[in-house]
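What follows is one structure encoded as structure tokens, with my remarks underneath.
A short reminder: the numbers here are calculations on the coordinates, not readings from a lab. Bear in mind that the values here come from a model prediction, so they are computed numbers and not experimental data. In this analysis, Cβ positions are derived from the backbone assuming ideal geometry, glycine residues included, and neighbour counts consider all displayed protein chains.
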Amino acid sequence: MYTYSVSHVENAQPHASPAPTANAAVSSAPLLSADHLAFLAARGISPDLSASAELYSVDPQQASELLGDTVASWGIAVACWISDASGLGHREICCVRLDHVAPGEAHCARPRGRPRPTYLPTVVTRETWRDPTAELVVVDSPIAALALAAAGIAALDIGDDGAPSVEWRGRRATLLYSGRRAWNADVALREVRVARDLLGRGAKVLVAELPTLERGGAL
Amino acid sequence: MSKPIPSLPVAWSPRGRDDLCPDDLVAQSSVERVRGLLAVARPATAREHAVAVLERETDHERRSARARELLDDLPYVAALALEDRAERERAIKLLTKRTSVTKAAVEERLQAFERATEGQDSDEGQGQDGSTHPAVDSVSLEAGWLCATGHRGKPLRLANFDARIEAEVTHDDGVDRRKRYRITGSLLATGEALEAVEVPAADFSAMKWVHPAWGARAVVGAGPGVGDRLRETIQLRSTPTRETVYSHLGFRKVDGVWTYLDVGGSASSVAARVEVPHDLRRFQLIRSTATAADALRASIGILACAPLAITVPLLGAVYAALLASILPIDVVLWLFGQSGTRKSSLAAIAQAHYGSAMIDRRNLPCSWTSTANALEETTFLAKDALVVCDDYAPASSAAARQEQDAKVERIVRNAGNRAGRQRMLADLSLAPAHPPRCLLLSTGEDAPRIASIRARTLLVEVQDVDLNALSAVQRYPELLPHALAEVVASICGHYDAWVAYARSQQAEATRNLSARLGPKAHSRTAGNVAQLYVGILLVSDVANQAGALDAAERDRLRNDAFEALVAVGRRQASLAEDESPAEQYVRTLSGLLASGALWLAPRSASVAAEPPRGARTVGWRDDEWGYVLPTVAWEEVSRALKVSGAGLPVSPRMLYQEMLAREWLVADPDGKHQGRVLNVGGKSKRVLKLPIEVLEGAPGSDAERIEPGPSTTSTSSTVEGRSTDQCDVRDDAVRTRWQRCLARDSPTS
């Protein structure tokens, strides 16, 4: 629910905030492995942007600690800004992008028992959040938001608390969720709810679809 | 890890492939491909989507095929299912108009979707079929207001903000569990975030928390029942997480694992959130970069800071405190001495084991200047920890002294009895008591003045502090909590075994110490000293396991500590006796007689004798006995003690019983009365018959007393056959031995 504001985005400057609090395992790990750097580079996410977005490589044990579950894959931990009772907010791990998952499972794993937070890439300027004429793309993973933002497409991942308090009235917002939406009822429902939330805030909401093999969507 | 995939229609089943994410598309194709997809995005609502898809198709077959495609599209069915009823009906009408798709087929698809999402948490109060709870179904946003459907369908303004219960937080202090809701919200008109607040669950329903929390910006609509509708709406729109916050320190079983809670959370790998009052926020067991052996040697090295009669109880208290609520430990250690004797610095070293920041005596958690209620709460929340209460100084006025005594009596008595004050709640029910659960270490320029309180404390006079040794310990404060953390880790790993071991050792030590202290000691003294000895056993065992002490050193430490504690116990006996009510009464009475304020008339005088000028007759005397009028003597003694801010803490009956036991009073031959009947001038008077030497000189004079502990130099008196000089020599040798611990404690060595 509307716990994110533009002021939080402004505060979330690269390296301006302390390391995430709920992740002692992460803070002591090397930042990013060579494989992960290559993975991110293929998505247009440079090492500098990775550092400013506080991306970390985590091994299976660290990933398990962060997620509160047993996982057997390396991954990229993504930190995001959480508002709290102090009013200052703090950073927490919002997702671990696992390298390998079982068929049908999402790569972006969330800490167990915690609400899915909203992720606002720091690379998107504050003017974009304030300007209702700027189109926003809503995706369903922080890495996707960061990749699109790095390519100049203002994107964000809206969490369980609802849309952040940027100016939505009259803004064009396009939902671009992963291909899982085509068969996973959870993802489909989340997409519809986000759309309804944005419609309620006065946004012009559209839905875009990624290609799938069945629809002949060859890359 | 993720939820099990529900049973889905064939068209919606996973394809067994790694579905694309937008970033994958960027990586495998280009960002331009993404822009192309965004350019052909479709409307979000089910009706508009249907219009966009079907309006171009005029051919019945093709239109029917497109309608069926929509119903095979899971996101479309999800959008249809979550639409409002009216909007859904309009969309279904479009799907079935001029197509072969029937309304029953659409309903069947919706039911399949409902089955597929069965058991999922509803979001924003909505069910999977789009039919929502009445209270939430009718909520809408109107011109910056959250509105419900009111009379005749008119919007009823609930509030100009939206709020959700983010978390249901249970504050657990080990006795009581109180629920609070963490609520976040935002103003609907501007989107301005309202700061997260925690509201007691009991206060939530009344909705009176809104203005204190969010001020005048947050407006609750006017009218009867609006607050209750708003409360219901917030609750139904919220999916709060559940959190437990521990509001105490000490051992606690969390998720089935014993752990020690400090402000950093949990000392073990168990995740726990701890929030304690400001005074306790320095309690944190952090391991240093030194080895466990170095840290434990540094901790044991505090034995070299002063005579063992001072440092052994201190070291014992540090580690015995860990078991304060478990055994339980009920001794109160009281360091006293003149100003400047470094008693606060010594206490700070002990306290620093629970957080290195408290090595500074200005950072000690409590002071006797705090209110009794605050002290009571702190000693309750600091479970299984040492708490230093600093700076007991005799007050200047009699009233202030009485207040001070009352505070000390309440806190020490509670600690000694492990009892808390009963509290009555507003509904006349009894609130759980908050008994002390820590080991209290007090410092002061004087010992407590009330005899019964002295019996509950272990009095240690501070002197001869070795400043070099003190500085050596203070130089590496981070080693002290590290040492304690090692002991805590050992206890957590084998909790039940440690507790059983500590209990058996405590019982055995109490028996041994009772035998050594003899019958003169107060009945509590052996038990009190034994509790501190348990602390020594704990640290010596863990130090041995960690390699800080070998087996011979461990045994020597135990022997040295035992002997030092015996000496402390013997001195305690003399200090407690010194201030018994009988002592106070007789000393004050004899002082008044010696000063001429009171006068005993000669019993042999044939006529009533006149008292000297300014004196008051308190009774009669002969060569062997004094005959004191009890009422007059009680009145005068009480008055004299009141001037000095003290008082007799017992009733006359209890006082005379103690005097009888000490043979300072001769009982009536019939045994029914504590006084005697005396015939004076033909009239019978009930008097107290005391040996005249008791009245002429205070009993238990210095020559008969046991001298202070081993650090005091050169007297010829003996303690049960053992020379105190021998104590000194032995103490010096032992201190030298433990100074070697300090010499080895440097983390850089």
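For an R0 of 25 angstrom, estimate the FRET efficiency from the Cβ-Cβ distance between B:Gln545 and B:Ser504 and round to the nearest 0.05.
Values: r = 19 Å, r/R0 = 0.75.
Calculated value: 0.85.
Put simply, the Cα atoms of the range B:268-314 extend 40, 27, 15 Å along their principal axes, the longest span coming first. Extension gain, B:Arg35-B:Val632: 0.36 nm per intervening residue step, less the Cα-Cα distance, totals 204.4 nm.
A crude spin-label estimate for the pair B:Asp59 and B:Lys208, with each label 7 Å from Cα along the Cβ direction, gives 7.2 nm. Multiplying the residue separation of B:Arg639 and B:Thr289 by 0.36 nm and subtracting their alpha-carbon distance yields 119.9 nm.
Could you list the square roots of 5 times each eigenvalue of the Cα gyration tensor of the range A:126-218, that is, the equivalent ellipsoid semi-axes, sorted largest first and rounded to whole Å?
Numbers: eigenvalues 99, 47, 27 Å².
Listed largest to smallest, the semi-axes of the range A:126-218 are 22, 15, 12 Å.
For B:Ala105 and A:Thr125, the FRET efficiency from 1/(1 + (r/R0)^6), where r spans their Cβ atoms and R0 equals 51 Å, is about 0.60.
Ranked highest first by the average count of other Cβ atoms within 10 Å around their residues, in what order do A:155-167, B:219-231 fall?
Values: A:155-167: 23.7, B:219-231: 15.2.
Highest mean packing first, the order is A:155-167, B:219-231.
Among B:34-46, B:195-207, how do they line up by average Cβ neighbours within 10 Å per residue, starting with the highest? Mind dumping the intermediate values first?
Numbers: B:34-46: 17.6, B:195-207: 15.2.
Top to bottom by mean Cβ count within 10 Å: B:34-46, B:195-207.
From the largest down, the range A:106-172 spans 36, 24, 17 angstrom on the principal axes of its Cα atoms.
Rounded, prolate or oblate, given the Cα gyration tensor of the range B:435-490, with a/c below 1.5 counting as rounded?
The shape class here is oblate.
Indicate, rounded to the nearest 5 percent, the antiparallel portion of the DSSP beta bridges found entirely in the range B:341-483. Expressed as a percentage, antiparallel bridges in the range B:341-483 total about 20. Neighbouring Cβ atoms from other chains, within 10 Å of the Cβ of residues in B:73-84, number 6 on average.
Just to verify a number: FRET efficiency for B:Asp464 and B:Arg511, C-beta to C-beta distance, R0 = 35 Å, to 0.05?
Numbers: r = 32 Å, r/R0 = 0.90.
FRET efficiency, B:Asp464 to B:Arg511: 0.65.
If the segment from B:Arg115 to B:Arg178 were pulled out straight at 0.36 nm per residue, it would be longer than the present Cα-Cα gap by 18.8 nm. Averaged over the residues of A:146-156, the number of partner chain Cβ atoms lying within 10 Å of the residue Cβ comes to 4. Peptides A:112-124, B:543-555 ranked from most to least packed by the mean count of surrounding Cβ atoms within 10 Å: A:112-124, B:543-555.
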